[in-house]
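Worksheet: the structure to be examined is printed underneath.
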Amino acid sequence: MEAILFLIIIGVIVAGGFLVAFIWAVRSGQYDDDYSPSVRMLFDNKIRSKDENEISESNNNN
Amino acid sequence: MGKPCVHCGTDCGKNPVVWDEKEFCCHGCKTVYQILNENRLGAYYEIQPMSGIRIETGQPLRKFAFLDLDEIKDKLADFRDGNTVRVRFFIPAIHCASCIWLLEHLDTLHPGISHSTVNFPQKEVAVTFRDDQISMRQLAELLASIHYVPEITLEHLDRKKIRKADKSLMLKIGVASFSFMNIMMYSFPEYLPGGDLLEQKFKHLFGWLSFILILPVVFYSASDYYVSAFKGLKHKIISIDLPISIGIFALFFYSSTVVFSGQGIGYMDSLAGLLFFLLIGKWYQGKTYEALSFERDYRSYFPVAVTRLSDQCETIVPIRELKKGDRILIRNQELVPADAVLVKGYGSIDYSFVTGEALPVAKNQGDFIYAGGRQVGSSIELQVEKAVEQSYLTQLWNQGGTKKDKLSLNNHINFVSQYFTAAVLLIAVVASAYWATVQLSVAIYVFASVLIIACPCALALTVPFTFGSTMRAFGRRGFYIRNSDVVEKLYRITTVVFDKTGTITLNRKMDVDFIGDSLGIEEITLIANVVRHSSHPLSVALKEFLPHASELMPERYEELPGLGQTAIVNGKRINVGSEMFVTGQHTSTTMNESRVYVSVDGRQAGYFTFSNSYRQGLPTLIEGLKKRYSLHLISGDNDGEEKKMRAIFGDEASLHFNQSPADKKQYILRLKEKGENVLMIGDGLNDAGALAESNTGISVAEDVFSFSPACDAILEAASFDKLEKLISFSRTSFKVVRRSFIISLIYNVIGLSFAVSGKLSPLIAAILMPLSSISIVAFATLSIGWFASRQLKKDESVR
């Protein structure tokens, strides 16, 4: 039966951890904008160099 | 049909602008493409093809010279650390993934920009930049050069850091869900067969844990309900929040005594679950359109600064510093910020934002010019007569300022809740009085049980979810309401009042007719090549009306403000303009229509007439509204179109012309005094007073993010013909509300029958309460969705 006691304590601590994480997320503004992050993660970080750009454009034209 | 523009997707027409073998509709679009291409930002067009923003030629040019003023810079900046500055710009043009991508790669356009982040729902971009490398003005101009024009108005200076209100609700939901889930776990053994065999020490432990976990829910998450119930009582209103508060406390105190006496958990799980659902409902209802503003006043319309002339030198000053007697310079497309007298130059003032009237009004030296007009043409000098705060328009606005908050407290649901509360208390007293004759402890238990189970959770959830869903259904069809109370306001209206100009007529489109000798193709070509050089609205309308002609360069061209244009094309002199200018006579006496006379090589060809063109679907809309509401039309214009309007509106409608903004407001007031519930539909600043005075004000806007007067709802012009369906949908919403009430009543009867017989157990409460909540939520949202797809047929052309 001590096992249950142990599990309950762990359960509350883990759930409390998530609650704290949620409060932190709300406070730091992660729920302010629910659209752009979903788009942002798909962007390439690298801006293509000019040569590459031209190559891809000539491909497009063909 | 030509090809679509590579930048913005607009049809390029017959003469596209070509660059880099790509076709563009205009030079503006081509320039943006060039800038992006040179900076290797071509991916802009790959994320979402043809995502660019087209800036209409003839749209007001925004100047950002005022951003050099320290005072304004400091107000706009979010923070400043040495040379590093962070600023947020509101950019209404943000609309797609490509916009986010480009605006977050601003650093490639200028090395002085270190970082930029887009907030999509608010249509804002936050830019961090180095002040010594790029000034705020240059930054704004950079954004404007790629057609993301920042909108900076007085309003943006005044309110800067107001939000966060939404966050506390989020936190309350978070806390409630945390407690709900955990308490449910502790309650679970009680519901299983043999649950009563649970060891006593666990019962104690679970009880105390639940008690600790419920405290933040009762005293933090639910706090809004107590405040609201108390406020209602102070105004002698029994709002729905009162029975909710009573129910919460009944559950809490009863369960606490169970815990203290070591008998278990009581109804803690039901209490936490109930509050969780209630808060979710609140959040669902409260989600509004963040980028839209329903409470704009003159400040969001006026410019931030203006050019002041003193001793031959021009200085830019914030408009609040303008005093009577100041001399100001108003350039082409700039706004007159204060009531003033024209001192120098030729005024041609476009009051379309104020009155909805598209044609500029001619003003001569010494004429009085009201604030709010936009100068079209060459620069003019004005002498300020009244400070901005005292100007006519501002005054008008402030008069209408008191928006009625009382109505929302007096609505349907609160009406029901009065009877509900009274009935529940009555049942509780009667039932416990009966049990008191049998056994006193049972009587107390029954009293608490009635209050617990009769908690109007289902009742309280109906309205948020029904109206919240209705609001979303409206939003998808181009009708944006301020909050969900507006659904109820729409339901209550008995009278519909329309404004004419700009509301039922189109702002920028006119019906053109030619009267006179027939024109040959060559003559048409010549005229088209003259008028295309002018930005006067009549010239623009004429250009649109004339068949597309090949382009010829006039040998000489001159535009005479207020008179017309004269040019020599192909060796022929073309005069286009007023009767006086073209024919040298003045015969026409009617002021009701605009005429443009034409002469080709000395031959008087005749004249074009221009009349307002009405919005699509107006007759059907009026026909539909006529059946149910009494209709009124109040127009600031003369009665020239009375016959046309009478034909559309029918005999019963009352039409009024030559109404000043104050008259309109008075008119609404009189209708209200007669006991009518008035819906006002308007568009311009001149309707602001009437919109504020009416029970419900709808403002019609071509572009919902641009300026519209304070109102309860904004209707996209493209959805104008659907207005009748939208209004009648509010009745459907009420039907759904009534049906949900019946369902919740059935649940209450079942629950109460357990309670009064003294047989309510935590198990029954744990089943009945979530079941009723969830079924009500499902019924409300699903039936609204179903009715919306049937009654408001989705039009593909509307976003």
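No value in this document is a laboratory result; all are computed from the given coordinates. Please read these numbers as outputs of a predicted model, since none were measured by experiment. Neighbour counts run over all protein chains shown; Cβ positions are idealised from the backbone, glycine included.
Across bins of 10 angstrom width beginning at 0, how are the C-alpha pair distances of the range B:1-59 distributed, in whole percent?
Calculated over all Cα pairs of the range B:1-59, the distribution is 25, 59, 16, 0 percent.
What is the projected area of the convex hull of the Cα atoms of the range B:418-476, averaged over all directions, in nm²?
On the way: hull surface 16.9 nm².
Orientation-averaged projected area of the Cα hull: 4.2 nm².
Between rounded, prolate and oblate, where does the range B:215-348 land on the alpha carbon gyration tensor, with a ≥ b ≥ c its root eigenvalues, rounded for a/c under 1.5, else prolate if a/b exceeds b/c? Let's see the in-between values first.
Working: a/c = 4.76, a/b = 4.33, b/c = 1.10.
Judged from the Cα gyration tensor, the range B:215-348 comes out prolate (a/c at least 1.5, a/b above b/c).
Hey, can you grab everything whose amide H is under 5 Å from the amide H of B:THR84? Only 5+ residues off in sequence or another chain; H modelled, so Pro and N-termini drop out.
For B:THR84, whose amide H was placed from the backbone, the distant partners under 5 Å are B:ASP131.
Using alpha carbon coordinates only, what is the Rg to Rh ratio of the range B:107-247, with Rh defined as the Kirkwood radius? Write down the numbers at each step before the final one.
Values: Rg = 26.5 Å, Rh = 20.8 Å.
Checking Rg against Rh, the ratio lands at 1.27.
Mind checking the range B:733-796 for trypsin sites (Lys or Arg not before Pro) that DSSP puts in a loop (not H, G, I, E or B) and that have at most 12 other Cβ atoms within 10 Å?
Numbers: sites: B:LYS735, B:ARG738, B:ARG739, B:LYS759, B:ARG790, B:LYS793, B:LYS794; in loops: B:LYS759, B:LYS793, B:LYS794.
In loop regions of the range B:733-796 (DSSP not H, G, I, E or B), the sparsely surrounded trypsin sites (Lys or Arg not before Pro) are B:LYS759, B:LYS793, B:LYS794.
For the range B:1-59, what's the relative contact order in percent, using C-alpha pairs closer than 8 Å and at least 6 residues apart? Kindly include the intermediate steps, with their values, before the conclusion.
Values: 81 pairs, mean separation 20.4, N = 59.
Value for the range B:1-59: 35 percent.
Short version: what are the Cα gyration tensor semi-axes of chain B, square root of 5 times each eigenvalue, largest first, in whole Å?
Working: eigenvalues 731, 196, 120 Å².
Working from the Cα gyration tensor, I get semi-axes of 60, 31, 25 Å.
Which of the peptides B:184-191, B:63-70, B:331-338, A:1-8 is most tightly packed, and how do the rest follow, going by the mean number of other Cβ atoms within 10 Å of each residue? Present the calculation step by step, with values, prior to reporting the outcome.
Details: B:184-191: 18.5, B:63-70: 16.8, B:331-338: 21.2, A:1-8: 10.1.
So the peptides B:184-191, B:63-70, B:331-338, A:1-8, ranked by packing, come out B:331-338, B:184-191, B:63-70, A:1-8.
Per q in 0.11, 0.18, 0.20 1/Å, what log10 I(q)/I(0) does a Debye calculation on the alpha-carbon atoms of the range B:298-399 return?
Taken in order of the listed q values, log10 I(q)/I(0) reads -0.27, -0.77, -0.96.
At q = 0.04 Å⁻¹, work out log10 I(q)/I(0) for the protein assembly as shown with the Debye formula, treating every Cα as an identical point scatterer and leaving solvent out; two decimals please.
-0.24
Please work out whether the range B:65-152 counts as rounded, prolate or oblate from its C-alpha gyration tensor, where a ≥ b ≥ c are the square roots of the eigenvalues and a/c under 1.5 means rounded, while otherwise a/b larger than b/c means prolate and anything else oblate?
prolate
For chain B, what is the relative contact order in percent, using Cα pairs closer than 8 Å and at least 6 residues apart in sequence?
On the way: 1442 pairs, mean separation 89.5, N = 799.
Reported as a whole number, the value is 11 percent.
Once you wrap a convex hull around the alpha carbon atoms of the range B:722-783, what is its projected area averaged over all directions, in nm²? Intermediate values should be presented prior to the final figure.
Working: hull surface 17.7 nm².
Convex hull of Cα atoms, orientation-averaged projection: 4.4 nm².
Taking the Cα centre of chain B as the origin and placing charges on Cβ (Lys, Arg +1; Asp, Glu -1), which of B:PRO49, B:GLN122, B:LEU67 is farthest toward the positive end of the dipole?
Towards the positive end, the residue furthest out is B:GLN122.
Using the number of other C-beta atoms within 10 angstrom as an exposure proxy, rank B:LYS73, B:LYS287, B:LYS722 with the fewest first.
Numbers: B:LYS73 18, B:LYS287 15, B:LYS722 22.
In order of increasing Cβ crowding within 10 Å: B:LYS287, B:LYS73, B:LYS722.
Let me see the P(r) profile for the range B:573-701: every Cα-Cα distance counted, bins of 10 Å, each bin given as a percent of all pairs.
Result, from short to long distances: 11, 32, 27, 16, 11, 3, 0 percent.
Other chains' Cβ within 10 Å of B:167-176 residues: what's the mean? Walk me through the intermediate numbers first.
Working: counts 6, 1, 1, 6, 5, 0, 2, 8, 3, 0.
Average neighbour count from other chains, rounded to a whole number: 3.
In the calculated pair distance distribution of the range B:506-614, what percentage of Cα-Cα distances lie above 22 Å? Present the calculation step by step, with values, prior to reporting the outcome.
Working: 1386 of 5886 pairs.
The share of Cα pairs beyond 22 Å in the range B:506-614 comes to 24 percent.
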